[in-house]
Amino acid sequence: PGVSTVIAVDGPAAAGKTSTCLALAEIFGLRYLESGRTYRIIAFEALRREIPVDNAREVTGLCDDLIRESRSAGLLTSERYAPDKLRATPVNVAVSAVAKIADVRQRVTSLIRLWAKSQAQCVIEGRDIGTTIFPTAPVKFYLTATPEVRAMRRVRQERAGSYENVLEDVIRRDEADMSRAVSPLAAAEDAIRIDTSGLTLDQVVSRMSSACLNRGLEINR
Ligand code: CDP
Ligand code: CDP
């Protein structure tokens with residue numbers, strides 16, 4: 001069974017991917033997947049087991065263990081990890097290092113494709129969904145906003161850390177994710193780009209849902 005529809009949503013940290021994807025999932029009756037969570041789980045487990053996050057061989061071994069333990073695509077949706085643990089500062093610092101390992105990306109990519117196959121219609125957010133994982137997705141979005149706006153949003157959202165520290169994390173991850181060799185963060189050529197800096201969440205969701213309707217996606221709930 002092949003997947004019928006994947007909506008791909010990519011962009012840097014705090015561009016609004018999760019919030020808009022949840023809204024689209026609600027409007028169109030789609031299953032939703034946050035792909036960054038899986039990279040965060042791998043980074044979290046590496047830190048917990050004191051595995052150096054830049055050791056490609058060891059982190060890939062860890063990734064294989066986690067996939068085995070959670071029975072394959074179960075890792076993507078595992079409920080074992082509280083969001084605040086996965087979004088803690090040490091994980092923010094380690095995650096881009098884990099995510100640049102080619103063998104780790106290849107495994108996570110396979111899991112996501114496997115998961116999507118079992119869905120009729122889904123919306124998936126990440127960094128490489130429209131470019132690498134589903135290059136033929138019928139609707140792709142690339143959300144951005146200035147680093148300053150994104151840092152301010154994250155400070156308000158998580159109430160953790162100072163604006164300066166959050167801005168530093170946002171800029172550091174932008175650079176790491178955009179400059180890596182494998183599947184760097186980039187907009188697919190056919191992605192609809194939305195600079196959300198001056199827009200409310202509702203305005204972004206309304207642009208995105210109009211684009212989905214224009215591409216023939218039906219409201220299905
Ligand atoms: O929520 P936020 O945008 O801050 O981050 P996330 O989506 O949870 O992603 C965390 C990290 O995982 C990113 O900074 C990337 O290094 C990595 N990631 C990736 O490489 N590819 C994806 N498809 C998703 C996330
Ligand atoms: O998933 P990603 O890291 O791209 O961003 P998010 O967690 O969905 O959004 C970060 C915060 O920005 C949330 O609190 C949103 O409500 C807020 N926000 C937004 O996403 N889009 C706007 N246009 C304005 C605010």
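The values are calculated or read from the model by the stated rules, or taken from the named source; none is laboratory data. Owing to the predicted nature of the structure, the values given are computational and were not obtained by experimental measurement. Glycine gets a Cβ as well: all are built from the backbone with ideal geometry, and neighbour counts include every protein chain shown. The protein model used for the area step is the full one, side chains on, heavy atoms only, and it has no ligands, DNA or RNA in it. Shrake-Rupley method; radii C 1.70, N 1.55, O 1.52, S 1.80 Å.
On a per residue basis, the convex hull of the C-alpha atoms belonging to the chain measures out at 118 Å³. 3J(HN,Hα) couplings calculated from phi for the range 17-27 with the Karplus curve 6.51 cos²θ - 1.76 cosθ + 1.60 (θ = phi - 60°) are, in sequence order, 4, 4, 4, 6, 5, 4, 5, 5, 4, 5, 5 Hz; Gly and Pro show x. Taking amide H positions as modeled 1.01 Å from N, with prolines and chain starts lacking one, the residues under 5 Å from A145 and 5 or more places away or on another chain are T196. If you sort L167, L143 by accessible surface, 1.4 Å probe, largest first, the order is L167, L143. Please report the relative contact order for the range 131-211, taking Cα pairs under 8 Å with a sequence separation of at least 6, and give it as a percent rounded to a whole number. The value is 44 percent.
For the range 163-180, putting each phi into the Karplus relation 6.51 cos²θ - 1.76 cosθ + 1.60 with θ = phi - 60° gives couplings of 3, 4, 5, 5, 4, 4, 5, 4, 5, 5, 5, 3, 5, 4, 6, 7, 9, 5 Hz, in residue order, rounded to whole numbers and with x for Gly and Pro. Taking amide H as placed 1.01 Å from N in the peptide plane, the amide H of Y32 sits under 5 Å from that of V123, each at least 5 places away or on another chain. Seen from all directions on average, the range 1-87 presents a Cα convex hull projection of 7.2 nm².
For the options G11, G74, G198, a Gaussian network treatment of the chain with springs between C-alpha atoms closer than 10 Å singles out G198 as fluctuating the most.
Note on the range 47-143: with charges restricted to the Cβ of Lys and Arg (+1) and Asp and Glu (-1), its dipole about the Cα centre is near 200 debye.
Dipole check for the range 115-158: with +1 at the C-beta of Lys and Arg, -1 at the C-beta of Asp and Glu, and the Cα centre as origin, the magnitude is about 60 Debye. With contributions of -39500 (n - 2.57) from each DSSP H run of at least four residues, the per-residue ellipticity at 222 nm computed over the chain stands at -16500 deg cm²/dmol.
Scalar couplings 3J(HN,Hα) for the range 140-156, obtained by applying the Karplus form with A = 6.51, B = -1.76, C = 1.60 to θ = phi - 60°, are 10, 10, 10, 9, 9, 6, 5, x, 5, 5, 5, 5, 4, 4, 5, 4, 5 Hz; x denotes Gly and Pro.
Order the peptides 107-120, 177-190 from the highest to the lowest mean number of other Cβ atoms within 10 Å of their residues.
For the peptides 107-120, 177-190, the packing ranking is 107-120, 177-190.
Once you have the Cα-Cα distance between Q106 and R48, take 0.36 nm times their residue separation minus that, and quote the gain in nm to one decimal.
18.6 nm
If the segment from S72 to S210 were pulled out straight at 0.36 nm per residue, it would be longer than the present Cα-Cα gap by 46.2 nm. For all pairs of alpha-carbon atoms in the range 96-161, what percent lies in each bin of width 10 Å, listed from the first bin to the last filled one? Result, from short to long distances: 16, 37, 32, 15 percent. Counting only Cα atoms, the range 109-221 measures 42, 34, 25 Å along its principal axes, largest extent leading. Between S197 and L114, the modelled label-to-label distance comes to 4.2 nm, taking each label 7 Å out from Cα in the direction of the beta carbon.
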